[in-house]
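Participant: Provided herewith is a single structure, encoded as structure tokens, for subsequent inquiry.
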Amino acid sequence: MSSHKSHRRRGAAPTSGNPKFYGRHAVYAALDNPERRLIKLWGTREEIDKIVIPDGLSVQFAEVADLARFVPKDAPHQGLVLEVAPLEDVWLTDILAVDEGDTRPLLILDQVTDPHNVGAIFRTAAAFNAVAVVTQDRHAPPESGALAKAASGGIEITPWVRVVNLARALEEIAEAGFWRIGLSGHATATLDQALTPGRNALVLGAEGDGMRHNIEEHCDQLAKLPISEQMESLNVSNAAAIALYAATVRRG
């Protein structure tokens with residue numbers, strides 16, 4: 001159960017094309033995020049009765065079957081659907097302006113486009129307190145119900161930085177004192193050998209193609225996960241989880 005006590009009035013936003021989040025974790029996290037513009041909440045009476053409705057939010061009671069029309073087929077909406085406006089842009093320069101003693105890992109995704117994978121990565125990034133997730137604007141999924149559901153609230157916690165040019169962003173990341181480690185199956189070093197005690201930026205490419213050559217060239221070192229030779233690779237969200245864990249352990 002969540003209280004979601006917020007007395008900040010949410011401003012109106014255009015409804016065309018706005019994402020609809022579903023499922024308790026995604027909806028609760030959006031309701032709790034003061035930076036999120038909320039538009040309309042649909043839900044069963046049982047689920048809405050558990051929530052303290054923020055001021056100004058339009059609410060409509062609905063049956064389970066009616067809610068199913070708002071979500072992908074067979075998606076587990078758990079009796080709640082929330083229309084939201086996408087979060088405001090986060091600038092890379094603001095994210096990099098952290099204290100020099102802040103050694104939390106930074107995560108960069110090169111053309112990872114599957115919303116379920118990106119959502120799962122945000123969930124892990126939030127769990128391990130990553131500085132941010134950086135993606136290229138044109139080659140990343142938009143905020144959506146499926147992504148938010150997979151993120152389980154993570155996109156409300158971990159900043160999402162969208163950049164035009166990922167290679168240029170990696171140059172700025174290096175200038176800010178991050179050691180850029182690209183995860184690649186053809187690397188010779190393992191991740192534990194590549195991690196530093198300081199700031200680590202973990203770069204992951206799309207499944208199948210992996211990182212683009214230009215992005216590899218903008219990494220300080222390539223590293224691999226020490227997986228069995230019987231498996232060619234891991235799902236990118238699993239690889240991100242292992243890499244974030246390893247980076248967090250190294251900080252300790």
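Participant: If I take all pairs of Cα atoms in segment 19-156, what percentage of them are more than 21 Å from each other?
Facilitator: Tail of P(r) above 21 Å: 44 percent of Cα pairs.
Participant: If N is the number of residues in segment 69-216, what value comes out of its Cα radius of gyration divided by 2.2 N^0.38 Å?
Facilitator: 1.08
Participant: Give the calculated FRET efficiency between residue 50 and residue 129 to the nearest 0.05, with a Förster radius of 25 Å applied to their Cβ-Cβ distance.
Facilitator: 0.35
Participant: Okay, moving on. Under a Cβ-Cβ cut-off of 9 Å, what is the net charge of the residues other than residue 201 that fall near it, where Lys and Arg count +1 and Asp and Glu count -1?
Facilitator: That sum, taken over residues with Cβ under 9 Å, equals +1.
Participant: Sticking with this structure for a sec: Lysine pairs in the chain with Cα distance under 16 Å, only those 8 or more apart or on different chains: how many are there?
Facilitator: Qualifying lysine pairs in the chain: 5.
Participant: Rg(Cα) of the chain divided by 2.2 N^0.38 Å?
Facilitator: Working it through for the chain, the quotient is 1.08.
Participant: Computing the accessible area with a 1.4 Å probe over protein heavy atoms, can you report the carbon and sulfur percentage for segment 10-153?
Facilitator: The nonpolar share, carbon plus sulfur, comes to 48 percent.
Participant: Return a whole-number percent for the relative contact order of segment 92-251, with Cα pairs under 8 Å and 6 or more residues apart as the contact set.
Facilitator: 29
Participant: Between residue 58 and residue 232, what is 0.36 nm times their sequence separation minus the Cα-Cα distance? Round to one decimal in nm.
Facilitator: My answer for the length gained is 57.7 nm.
Participant: Can you give me the Cα centroid spacing of segment 198-233 and segment 42-92 in angstrom?
Facilitator: Computed from Cα coordinates, the inter-centre distance equals 37 Å.
Participant: Considering only 65, 174, 223, give the residue with the highest GNM mean-square fluctuation for the chain, with springs between Cα atoms whenever their separation is below 10 Å.
Facilitator: So, out of 65, 174, 223, the one fluctuating most is 65.
Participant: I would also like to ask the following. Would you mind giving the average projected area, over all directions, of the Cα convex hull of segment 20-84 in nm² with one decimal?
Facilitator: Result: a mean projected hull area of 3.9 nm².
Participant: Further, regarding this structure: Between residue 102 and residue 73, what length in nm is gained on full extension when 0.36 nm per residue of separation is reduced by their alpha carbon distance?
Facilitator: Stretched out fully, the residue 102 to residue 73 stretch lengthens by 6.2 nm.
Participant: Hey, got a sec? Which GluC sites (Glu not before Pro) in segment 196-251 land in a DSSP loop and have at most 10 other Cβ atoms within 10 Å?
Facilitator: 229, 232
Participant: Provide the net charge surrounding residue 177, with neighbours chosen by a C-beta distance below 13 Å and charges set as Lys +1, Arg +1, Asp -1, Glu -1.
Facilitator: -4
Participant: Measuring with a 1.4 Å probe in the full set of protein chains, what accessible area per residue, in whole Å², belongs to the chain?
Facilitator: 50
Participant: Using the basic label-point model (7 angstrom from Cα toward the beta carbon), what is the residue 186 to residue 171 distance in nanometres?
Facilitator: 2.5
Participant: Could you work out [θ]222 nm for the chain from helices alone, using -39500 (n - 2.57) per DSSP H run of at least four and dividing by all its residues? Round to the nearest 500 deg cm²/dmol.
Facilitator: -8000 deg cm²/dmol
Participant: Rounded to whole Hz and in sequence order, give me ³J(HN,Hα) for segment 197-204 from the Karplus expression 6.51 cos²θ - 1.76 cosθ + 1.60, θ = phi - 60°, writing x for Gly and Pro.
Facilitator: Calculated HN-Hα couplings, in order: x, x, 7, 10, 10, 9, 10, 10 Hz.
Participant: State the extension gain, in nm to one decimal, for the chain segment bounded by residue 164 and residue 209, taking 0.36 nm per residue of separation less the distance between their alpha-carbons.
Facilitator: Using 0.36 nm per residue and subtracting the Cα-Cα distance, I get 14.2 nm.
Participant: Moving on to the next point. Give me the net charge for the shell around residue 86: Cβ to Cβ below 13 angstrom, other residues only, Lys and Arg +1, Asp and Glu -1.
Facilitator: -3
Participant: Over the chain, what is the percentage of antiparallel beta bridges among all DSSP beta bridges, to the nearest 5?
Facilitator: Beta bridges within the chain, antiparallel portion: roughly 25 percent.
The values are calculated or read from the model by the stated rules, or taken from the named source; none is laboratory data. These numbers were taken from a predicted model, which means no experiment stands behind them. Cβ sites come from the backbone with ideal geometry, for glycine too, and all protein chains shown count toward neighbours. Areas reflect the complete protein model, heavy atoms only, side chains present, ligands, DNA and RNA absent. Shrake-Rupley method; radii C 1.70, N 1.55, O 1.52, S 1.80 Å.
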